[in-house]
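Here the structure is laid out as structure tokens; the discussion comes afterwards.
The values are calculated or read from the model by the stated rules, or taken from the named source; none is laboratory data. Note that this is a predicted model, so its numbers are computed, not measured. We place every Cβ from the backbone using ideal geometry, glycine too, and count neighbours over all the protein chains shown.
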Amino acid sequence: MIEAPLAPYLLWAKTRQPAAIDLAGSNLVHCAMDDLPGAREALELTAPNDNGFPPVVEAIASHYSVGTDRIVTAIGCSGANFITAAALLSAGDEVLIERPTYDPLIGVCRLMGATVIRFERRFENGFAIDPDEIARLVTPRTRLIVLTTPHNPSGVRVPPETLAAVVRHADSYGAHVLVDEVYLDGWCGVAAVKTGSRSAAAQDGPVVVTSSLTKSYGLAGLRSGWAIAPPATAERMRRARDVIDNASPAPGDRLAALAWTLQPALAARARAILTTNIAIAREFFGAHPELLLAESPACSVTFPRVAGASDSALFVQRALAQGVAVAPGHFFEADAHFRISLAGKTETLEEGLAILTRVLRDLRVRQD
């Protein structure tokens, strides 16, 4: 029996003190029904879903330029990660997971009875992954290597050549690489590019990519997630889903299918929100050298470090006392950091950052 929380961050997120200005989450501004023309007409209580609702499966496959035999649908990205772990892990297997990371990724592997081994993504190295470190850690017992790109919590993207090296190390031991790309469609580091051309799904080898309509499209309520995997692995995952939740709710599937037909408009909406908010965040950090970043914000989350502090707790507490919530770094195993969401309403971000400026000023005065 597991007594300790499997995902302390999520427990905190669900039970934390409410704040007037919430910069601690990471979901894009929620869509309204009017953002999905035809939504009410699309709603029905049934839908064919033996191995995923066909219109959704086909839309995802087209988005990534892959075959439908590689697509596994799920309840959100977390559901896709769970199905991956359930299909590929057994008790006693070893899993390599990045640090810092999003802690449900650790929790699901431990739930499957796997031994979790960590590899480092260091602030001093721009949260980059060192393939040589993974080469030293991988063993014949390694079944899965887990990473996020853009990185949760820092928003840093893993270069394709680094990912290819990680995949080669996994393949040499018969392991898979799980790449959580839930923030990728909202990544604004370059001009808009079709996801399939920059996704890890384009990598050859034993790669499982997971994502959803949540973080980059403002459709968290649909809980529409997916995985892209080699065909044989995808089939194992579908059969694992048979004993997990079997199928997604029909109304959600039908609305997800509609959302995919509107994907260009939804992507443009997301990019408009994020490019504006990222520009505001860059200006804010440029004015506050006491907040250190691995790289300039280019994603819906960023992970500043408080210069000269070993723990951001005092700053986080003072911010909350002023009505602004940010995510404490200790939930991501990086105590000196905190995570800020750039995915909310622009006016909320501006108001929150103005308050954080006052908190920084007050702390500076106290230290002087």
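What about Asp311, is it of a type in the set (D, E, K, R), surrounded by fewer than 22 Cβ atoms within 10 Å (Cβ to Cβ) and in contact with a His (Cβ under 8 Å, 6 or more places away or on another chain)?
yes
Which ones in region 103-126 are in contact (Cβ under 8 Å) with a residue 40 or more places away in the chain and touching a Phe, Trp or Tyr at 6+ places or on another chain (Cβ under 7 Å)?
Matches in region 103-126: Asp103, Val108.
Restricting the search to region 67-86, which residues are surrounded by fewer than 20 Cβ atoms within 10 Å (Cβ to Cβ) and either outside any helix (DSSP H, G or I) or among the basic types (Lys, Arg) (or both)?
Residue satisfying the conditions is Gly67 alone.
Could you give me the residue pairs with C-beta distances under 9 Å whose first residue belongs to region 52-63 and is on the phi > 0 side of the Ramachandran plot, whose second residue is surrounded by fewer than 17 Cβ atoms within 10 Å (Cβ to Cβ) and part of a helix (DSSP H, G or I) wherever it lies, and which are 6+ apart or on separate chains?
Gly52/Thr68
Among the residues of region 154-190, which ones are buried (at least 22 other Cβ atoms within 10 Å of the Cβ), at pLDDT 95 or above and of a type in the set (Gly, Ala, Ser)?
Ser154, Gly155, Ala170, Ala175 - these are the residues of region 154-190 that are buried (at least 22 other Cβ atoms within 10 Å of the Cβ), at pLDDT 95 or above and of a type in the set (Gly, Ala, Ser).
Kindly check whether there is at least one residue in region 13-35 that is over 18 Å from the mean Cα position of the chain (by Cα) and within 30 Å of Thr115 (Cα to Cα).
Within region 13-35, one or more residues are over 18 Å from the mean Cα position of the chain (by Cα) and within 30 Å of Thr115 (Cα to Cα).
Tally time: how many residues in region 245-259 are outside any helix (DSSP H, G or I) and within 23 Å of the chain's Cα centre (by Cα)?
Counting residues in region 245-259 that are outside any helix (DSSP H, G or I) and within 23 Å of the chain's Cα centre (by Cα) gives 4.
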